[in-house]
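One structure is given here, and the rest of the page talks about it.
The values are calculated or read from the model by the stated rules, or taken from the named source; none is laboratory data. Quick caveat, the model's predicted, so the values are computed rather than measured. With ideal geometry, Cβ positions are generated from the backbone for all residues, glycine too; neighbour counts draw on all protein chains shown. The protein model used for the area step is the full one, side chains on, heavy atoms only, and it has no ligands, DNA or RNA in it. Shrake-Rupley method; radii C 1.70, N 1.55, O 1.52, S 1.80 Å.
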Amino acid sequence: MVRMDKAKVGLVEPQYAEDKNKTHNAGVVKSKGLNSFIHGWSKAENLKSFMLEWVKSENGKSSLSSSQSPFARFKLLALAATTMLMMLMGVLLLEFTALSNTMRPRLVTLRSSYSGLFGPPERIYENNGYLMVSSNGGLNQMRTGISDMVAIARYLNVTLIVPELDNTSFWHDRSQFGDIFDVDYFIQSLRDEVRILKELPQELKTRVEKRYLYSMPPVSWSNMSFYYNTVLPRIRKYHVVHFTKTDARIANNGIPEEVQKLRCRANYKALRFTPQIEQVGRKLVKILRQKGPFLVLHLRYEMDMLAFSGCYEGCNETEMDELTKMRYAYPWWKVKEIDSQMVRMVGLCPLTPEETALTLRALNISPETQIYIAAGDIYGAEKRMAPLRKAFPNLVKKETLLEPSDLEPFQNHSNRMAALDYYVSIASDIFVPTYSGNMDKAVEGHRRFLGYRTTITPNRFVLVRLIDQYKNGTLSWDEFSKSVKEVHARKGGPTKRSVFPLKPKLEDYFYSNPQECLPQMSKKSTNKSS
């Protein structure tokens, strides 16, 4: 495990806005203000006594002589009382003004002390520079990458600029950070850990606009030593460093626990969707809940998924040719020649809708269960979806549950659509992904963080063999169902992350099982160590 040498990297422990000496001084100011107020009140009392003495004086007696009418005497008394009242109010006004001036610093201090009402207190530290990042990939790939950037910025003592979202990937979504995430909440909720700005200060912004910017892609699966020893010196030298990629930039394992916990806080708490997305997400969940429990099925059987993975199970010659041409059309999909059957047998293909139906039936999912399809357009939808629809007639998706007007702001914005599916997936009674993609891993980890909500991750390596044996008659239905249940007995509960130090891609992804952030796992680790 990497030790965090604070002296080496210039880490400064958090110092919050309220200073003890300032608080003491404010208390002194308050005492002076009260003394001034009491002194003023004494002046008013003296004024009152003066007026009473004047009324009782000889001149007063002559003025109120019995020769005058009662009405005249009343007018004179009223004049004296009014004069006294006006002078008293003047004294009080002057003293209150002085009091408010002396109390103002104290009021400011109190407001700062209670800044927790508007977010945690701001962390004060010596800033080493600025970090700009361009997130890459789809919504969930960007989401977890941004969480890594928060942790990196915090432990390098640098200011993070609100990340740019990927507008160039396959989905061509032009949404920016504030279109998907609540940017102000993101900044305020993390202010006790890291300083986040919406844009660079003007003088640095001018430099960047003149193309004077140091850019680099951080090494994948790096430990914190890489950032301390390689990245931090560059930030100090150039003042601003730009990361061109954010996905999987921190290792899954061997990372200090405080870094891991900040990754969780950023991902599961600070990255809140915009009010508009959350409002529509809540509406979807409410509609589903009105009809009882529901299962979310992340059915990865879209055309781009099949073309990318080379998975042609159930496709005819024309479809296979179409998918192959699509794979060759995208140069950044590096693997072109793929043995579809071999890929399927090692468990690297998404389950087909038919295979999914068999799996859910074998797990005794009721045919009456509402199944929300979290996915894009299914390839060959009518033909492919027929077996699943026959087994589970209550198939729904956001387009069938909402009015077109509800989804109009999200049209042509695939990441905003994905955000709605993510929201519903987190809230579901059961979550079932048919492939281990970025969304599946992110949702699984988020559901663990929220209390180990039921997640069934199909073991595709075993399933395709069991399904083939059932379909060719080698296994009976009862045998098939029993075997499927045994393989999937673990449903999102506590478990240790797998570790392969030299092959991080084979490990359990940190965000699919953030065990350092889960109370049950932390308690087990403590008991074991003691």
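Which value, in Å² and to the nearest 10, is the accessible area of residue 466 when all protein chains are kept and the probe is 1.4 Å?
Answer for residue 466: close to 20 Å² accessible.
Can you give the accessible area of residue 453, probe radius 1.4 Å, in Å² rounded to 10?
Result for residue 453: roughly 90 Å² accessible.
Based on the Kirkwood radius over alpha-carbon pairs, what is the Stokes-Einstein translational diffusion coefficient of the range 297-379 at 10 °C with 1.306 mPa s viscosity, in µm²/s?
Rounded, D is 114 µm²/s.
From the phi of every residue in the range 482-490, what ³J(HN,Hα) in whole Hz does the Karplus formula 6.51 cos²θ - 1.76 cosθ + 1.60 yield, where θ is phi - 60° and glycine or proline is x?
Residue by residue, the range 482-490 yields 4, 5, 5, 5, 5, 5, 10, 5, 7 Hz.
What whole-number value in Å² describes the accessible area per residue of the range 273-361 for a 1.4 Å probe?
On a per-residue basis, 49 Å².
Which sequence of 332, 477 reflects their accessible areas, 1.4 Å probe, from the largest down?
Ranking 332, 477 by accessible area, largest first, yields 332, 477.
What do you reckon, how do 377, 508, 421 stack up by accessible area (1.4 Å probe), largest on top?
Most to least solvent-accessible, the answer reads 377, 508, 421.
Binning every alpha carbon pair distance of the range 401-510 at 5 Å from zero, what are the percents per bin?
Values per bin, smallest distances first: 2, 10, 15, 17, 15, 14, 12, 8, 5, 2, 0.
Could you let me know the centre-to-centre spacing of the range 154-177 and the range 232-303, using Cα atoms, in angstrom?
Computed from Cα coordinates, the inter-centre distance equals 12 Å.
With just the Cα atoms defining each centre, how far is the range 130-152 from the range 427-469? Give it in Å.
Value for the Cα centre distance between the two parts: 24 Å.
Could you run the Karplus curve 6.51 cos²θ - 1.76 cosθ + 1.60 with θ = phi - 60° over the range 121-131 and give me ³J(HN,Hα) per residue in whole Hz, x for Gly and Pro?
x, 6, 7, 9, 7, 7, 7, 8, x, 10, 10
Using modelled amide H (1.01 Å from N, peptide plane; none on Pro or chain starts), what sits under 5 Å from the amide H of residue 455, excluding residues fewer than 5 places away?
For residue 455, whose amide H was placed from the backbone, the distant partners under 5 Å are 431, 492.
Which loop trypsin sites (Lys or Arg not before Pro) in the range 307-381, with loop taken from DSSP, have no more than 11 other Cβ atoms within 10 angstrom of their Cβ?
Filter output for the range 307-381: 334, 336.
Could you tell me how many cubic angstrom of Cα convex hull volume the range 182-245 has per residue?
Dividing the Cα hull volume of the range 182-245 by its residues yields 126 Å³.
Assuming a viscosity of 0.692 mPa s and a temperature of 37 °C, what translational diffusion coefficient in µm² per second does Stokes-Einstein assign to the range 198-299, Rh being the Kirkwood radius over Cα pairs?
Stokes-Einstein gives a translational diffusion coefficient of 185 µm²/s.
For 354, 444, 382, what's the largest-to-smallest order of accessible area, 1.4 Å probe?
Final ranking, largest accessible area leading: 382, 354, 444.
Amide H neighbours of residue 365 under 5 Å, at least 5 residues apart or on other chains, H built in the peptide plane: list them.
The answer is none.
Starting from the Kirkwood Rh over alpha-carbon pairs, what translational D in µm² s⁻¹ does the range 315-360 have by Stokes-Einstein at 4 °C and 1.567 mPa s?
Roughly 105 µm²/s, to the nearest whole number.
Please express the shape of the range 259-405 as an equivalent ellipsoid: the semi-axes are the square roots of 5 times the eigenvalues of the C-alpha gyration tensor, given largest first in whole angstrom.
30, 23, 16
For the range 146-260, count the residues as N, evaluate 2.2 N^0.38 Å, and divide the Cα radius of gyration by that value, please.
1.09
Spelling out what I want: for every residue of the range 417-423, take phi, set θ = phi - 60°, compute 6.51 cos²θ - 1.76 cosθ + 1.60 (Karplus), and round to whole Hz; glycine and proline get x.
Here the 3J(HN,Hα) series is 4, 5, 5, 5, 4, 4, 4 Hz.
Mind listing the long-range amide H neighbours of residue 222? Cut-off is under 5 Å, sequence gap 5 or more, other chains count too, H placed in the peptide plane at 1.01 Å from N.
250, 251
Assign one of three labels to the range 357-464, namely rounded, prolate or oblate, based on the Cα gyration tensor with a ≥ b ≥ c the square roots of its eigenvalues; rounded applies when a/c is under 1.5, prolate when it is not and a/b is larger than b/c, and oblate otherwise.
oblate
Alpha carbon centre of the range 350-394 versus the range 197-229: separation in Å?
Centre-to-centre (Cα) distance: 45 Å.
Would you tally the net charge around residue 409, using a Cβ to Cβ cut-off of less than 11 Å, leaving residue 409 out, and scoring K and R as +1, D and E as -1?
Local charge sum for residue 409: -2.
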